[in-house]
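Since the structure comes first, as structure tokens, the remarks are kept for the end.
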Amino acid sequence: MRTTKISVLAILLICAIYSYGQEEQYQPRLKSDTICVKNCPSAYKGYHQLWGYVISNYYTVIDSLSYDNTYVATLSPVTMTPETLDNGQSIYSDRLLLIKHDGKKNVYDNVISNETYSTPDICCEKLERSDSGFSLELSAGMGWKIYYQIDIVMENGIPYIAEIRYFEHNSSGTYQRETTCSYPEHTEFPLQEYDRTIPEQIRAGHTPFL
């Protein structure tokens, strides 16, 4: 019995290592100013440029904005956009957030939602200019609607979360819920510590970094 348990654990460990290796194999890589994908499908070979980035054609720019020497863009794998049919060459990858501020470039692969929504005009969060920086906003749902807004500010060249607002309601409006998480010091919650599951965590009652 002990031998069997050890064998099962060994198999699970090997599977986990293999799965992690497969995921890592397809994650985007920022090499100098180039965002590339290892083993990129042949249908998406090549690159395009944005603000000094050289970006694999596996990614398409969903939204972008610029202000005060700050440039922000959201990228999605082509096969995760409503306009593009998966031609069987889809590989694992995340949607990306690009921030270029005072010449410094950063790529975040765990901020933008990877969800697929039934409404064609919704792909992921939209970029909006805010009073002190920019925000990521998403509104989705037919009968049951959700909305969240993530305000981001730059402090000494580093992006921080300033506020997260989450709102949901049913189709009749008889149920509504709104939660606001504010970080007035602006350096409490670095964007690097944010991940795309946080809106769902807030919905479940968890308030990050508070």
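The values are calculated or read from the model by the stated rules, or taken from the named source; none is laboratory data. These figures come from a predicted structure and were not determined experimentally. Counting neighbours? That spans all protein chains shown, and the Cβs are built from the backbone with ideal geometry, glycine included. Areas reflect the complete protein model, heavy atoms only, side chains present, ligands, DNA and RNA absent. Shrake-Rupley method; radii C 1.70, N 1.55, O 1.52, S 1.80 Å.
Values for this structure:
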read-out	value
Selection status of residue 7, among the hydroxyl-bearing types (Ser, Thr, Tyr), at pLDDT below 90, open to solvent by 50 Å² or more (accessible area, probe 1.4 Å) and assigned to a loop (DSSP other than H, G, I, E, B)	no
Qualifying residue in segment 110-123 (condition: closer than 28 Å to residue 201 by Cβ and in a strand (DSSP E or B))	no
Top-ranked residue in segment 139-166 [being of a type in the set (Gly, Ala, Ser) and more than 17 Å from the chain's Cα centre (by Cα); ranked as surrounded by the fewest Cβ atoms within 10 Å (Cβ to Cβ)]	143
Scope segment 181-196; condition open to solvent by less than 70 Å² (accessible area, probe 1.4 Å) and of a type outside the set (A, V, I, L, M); matching residues	181, 182, 183, 186, 188, 189, 190, 194, 195, 196
Checking residue 173 against (1) assigned to a loop (DSSP other than H, G, I, E, B); (2) within 21 Å of the chain's Cα centre (by Cα), the condition it does not meet	(2)
Test: residue in segment 74-92 that is touching a residue at least 60 places away in the same chain (Cβ under 8 Å), not in a loop (DSSP other than H, G, I, E, B) and not hydroxyl-bearing (Ser, Thr, Tyr)	no
Test: residue in segment 52-65 that is surrounded by 15 or more Cβ atoms within 10 Å (Cβ to Cβ), more than 30 Å from residue 131 (Cα to Cα), at pLDDT 85 or above and hydroxyl-bearing (Ser, Thr, Tyr)	yes
